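Below is one structure, written out as structure tokens; the observations come after it.
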Amino acid sequence: MDQFAHRRAQLAETIGDGVAIIPAGREATRNDDVHYEFRQDSNFYFLTGFTEPDAVAVLHPSHPTEPYTLFVRPRDREMEIWNGYRAGTEGAVTTFGADQAYPINDLSDKLKDHLIGTETVFYRIGGPLDSTVLGMIQGLEPLATRYGKTIPTRIVDPAPALAELRLRKSDAELEHLRRACDVSVLGHQAAMRFATPGALEYQVQSAMESVFRQEGSPRNGYPSIVASGPNATILHYTENRRQIQDGDLVLIDAAAECGYFSSDITRTFPANGTFTAPQRAVYEVVLAAQRASIARAAVGTTHRDMHETAKQVLTEGLIDLGLLPNGIEESLSMHHYREYFMHGTGHWLGMDVHDAGSVQVGDDSRVLEVGMSFTVEPGIYIDPDRETVDFALVEYDLDARYERRYRMGRDAALKLEAEENKDARSITHEIPAEFRGIGIRIEDDIAMTHSGAVNLTGALAVDPDDVEALCQS
Ligand code: GLY
Ligand code: MN
Ligand code: MN
């Protein structure tokens, strides 16, 4: 059984006597007949290995002859001359292991046969087939009301079950991830050697990405962030157009995808090869937080433990640097560190850079298990323009605040937060000028294996002396 068949068999346990309808990704038009680069939807690829758009997989494990049906674009000489090879219905069976395959335009007709007699449909609402699936189920209603037939009465999102499968990587899956990490390390090394004052950010990007391609990665796992100087304080900066100045730090968050698995690496380094004293001081704090958090990674540790550790060490460092007005307890309970470290310490990593899987299971933080992979990426970002910060002296529960944002909507929740802080005392704290505009993140990829937590990107220089040596080489 190939890995895709194995995954379908795993999902079949959830599907039971229901039917799962899993659509492929869709091409997005850029203009006229030009499309944005297409990359298959991860869940669809996970189950099928099929990389073409305009396809639908129907999994019906209890069906006697068609437990696995693929609907695909049919062979079409003219369209293939213009746009490339298609596997067609024949290839869907012979190469991709479908029990049956039909042209995608037959979906409405053929899908009905699977839905009649089925109570539960696994389909993620909000996808491209909403009107097809919902319309079809509605159309079947007379079969139930007049003739007593079974038709779908429950629509269940398959994504959580798929996420549980994707969260625990097999050895073969970890091998893809490992390769993506190795290639990404090589690209980062090339970028650190190449970057120099005067270069444009996108030129550094090109030096890195050309190594990704040369080393066998067909595309990036996500758009590269090459952020110099104050741009490093913008978390998702992707413009990459600035000219690098002498004395700048360069933050690169970029990674290659290999075998549909993505790495996710960040390094921050001095463009001219030598950290200034304030840059190095901030760097040391981020690195200490990252190392402490990685040292916690073990089977049985929770996702939350990893973050709490990074947060604690980072906050102590911020206090030592003079960036926070209070001691450790208040800085944590009032979440003052969030002025500089406003994101989590990591996320699951796999087929998608922010990979499938919840970090919380019920009321508890997810416990790390063998096969899980994730990033550890603390950072400090100091606003280039702010000379002072007003820190509200209010203790609050950060998780409760965020949960409220999702419940109420961000605008309403922010209004309420402002209201709650209205009468609170605050401290105005001056940000030492030498730190303004410094943005530093350090990000590595960890896999939980039978022999413990492994840093898959640990080969890339991270100690500040090693980073300088690499930049100067
Ligand atoms: N590259 C996206 C992230 O670090 O989360
Ligand atoms: Mn990243
Ligand atoms: Mn990340």
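The values are calculated or read from the model by the stated rules, or taken from the named source; none is laboratory data. In this text, all values refer to a predicted model and were calculated from it rather than measured experimentally. Glycine also receives a Cβ, built like all others from the backbone with ideal geometry; neighbour counts cover every protein chain displayed. What goes into the accessible areas is simple: the full protein's heavy atoms, side chains included, and nothing from ligands, DNA or RNA. Shrake-Rupley method; radii C 1.70, N 1.55, O 1.52, S 1.80 Å.
Amide H to amide H, with H built 1.01 Å from N, T302 comes under 5 Å of L368, counting only residues 5 or more places away or on other chains. Rounded to the nearest Å, what's the spacing between the alpha carbon centres of segment 194-222 and segment 393-461? Just the number, please. Rounded to whole Å, the Cα centres lie 29 Å apart. Amide H contacts for S228 (H built 1.01 Å from N in the peptide plane; partners 5 or more residues away or on another chain; cut-off under 5 Å): L251.
Dividing the radius of gyration of the alpha carbons in segment 342-473 by their Kirkwood radius gives 1.05 for Rg/Rh.
Computed from the C-beta positions of A433 and R338, the FRET efficiency with R₀ = 25 Å rounds to 0.70. Using all pairs of distinct alpha-carbon atoms, the Kirkwood hydrodynamic radius of segment 275-379 works out to 14.6 angstrom. Excluding the sites themselves, what is the longest stretch of the chain that contains no chymotrypsin sites (Phe, Trp or Tyr not before Pro) in a DSSP loop with at most 12 other C-beta atoms within 10 Å? So the longest stretch without any such site is 148-473.
For the chain, the longest principal axis of the C-alpha atoms and the axis of helix 303-320 are separated by about 20°.
Under the criterion of Cα pairs below 8 Å and six or more residues apart, the relative contact order for the chain equals 14 percent. Answer rounded, prolate or oblate for segment 244-297, using the Cα gyration tensor with square roots of eigenvalues a ≥ b ≥ c: rounded when a/c is under 1.5, else prolate when a/b is larger than b/c, else oblate. It is oblate, given that a/c is not under 1.5 and a/b is not larger than b/c. The H on the amide N of T457, modeled in the peptide plane, is under 5 Å from the matching H of D445, each at least 5 residues off or on a different chain.
Each residue of segment 242-257 was assigned a 3J(HN,Hα) from its phi angle through the Karplus expression (A = 6.51, B = -1.76, C = 1.60, θ = phi - 60°), giving 7, 8, 6, 9, 4, x, 6, 8, 10, 9, 10, 10, 7, 6, 8, 10 Hz with x at Gly and Pro.
When both segment 370-391 and segment 242-276 are represented by their alpha-carbon centers, they are found 16 Å apart. What segment 337-473 shows is 49 Å² of accessible area per residue, with the surface traced by a 1.4 Å probe over protein heavy atoms.
With θ taken as phi - 60° and the Karplus curve 6.51 cos²θ - 1.76 cosθ + 1.60 applied, the whole-hertz 3J(HN,Hα) list for segment 205-217 is 4, 5, 4, 6, 5, 5, 5, 3, 5, 4, 8, x, 9 Hz, x standing for glycine and proline. This model, with +1 at the C-beta of Lys and Arg and -1 at the C-beta of Asp and Glu, gives the chain a dipole about its Cα centre of some 860 debye. Residue ranges 124-130, 225-231 sort as 225-231, 124-130 when ordered by packing (mean number of other C-beta atoms within 10 Å per residue, highest first).
Counting only DSSP H runs of at least 4 residues, each contributing -39500 (n - 2.57), and dividing by the residue count of the chain, the helix-based mean residue ellipticity at 222 nm comes to -11500 deg cm²/dmol. Each residue of segment 216-276 gets 92 Å³ once the volume of the Cα convex hull is shared out per residue. Would you be so kind as to identify which of T315, H347, G327 lies farthest towards the positive end of the dipole of segment 308-347, taking Lys and Arg as +1 and Asp and Glu as -1 on Cβ and the Cα centre as origin? The residue sitting farthest along the positive end of the dipole is H347. Shape of segment 421-473 from the C-alpha gyration tensor: oblate (a/c of 1.5 or more and a/b not above b/c, with a ≥ b ≥ c the square roots of its eigenvalues). Each Lys and Arg contributes +1 and each Asp and Glu -1, all at the Cβ; summed about the Cα centre of segment 52-156, the dipole is approximately 280 debye. In the chain, the longest principal axis of the Cα atoms and the axis of helix 171-194 are about 40 degrees apart.
Restricting to DSSP loop positions (anything but H, G, I, E, B) with no more than 14 other Cβ atoms inside 10 Å of their own Cβ, which GluC sites (Glu not before Pro) remain in segment 393-473?
Listed in order of number, the matching sites are E395.
The GluC sites (Glu not before Pro) of segment 199-285 that DSSP puts in a loop, and whose beta carbon has at most 12 other beta carbons within 10 Å, are E239. One Cα centroid belongs to segment 78-123, the other to segment 307-324; the line between them spans 54 Å. For segment 397-406, putting each phi into the Karplus relation 6.51 cos²θ - 1.76 cosθ + 1.60 with θ = phi - 60° gives couplings of 9, 4, 4, 4, 5, 5, 4, 4, 4, 5 Hz, in residue order, rounded to whole numbers and with x for Gly and Pro. Semi-axes of the equivalent ellipsoid for the chain, computed as √(5λ) from the eigenvalues of its C-alpha gyration tensor and ordered from largest down, come to 45, 28, 20 Å. P(r) tail, segment 265-334: Cα-Cα pairs separated by more than 16 Å, 56% of all pairs.
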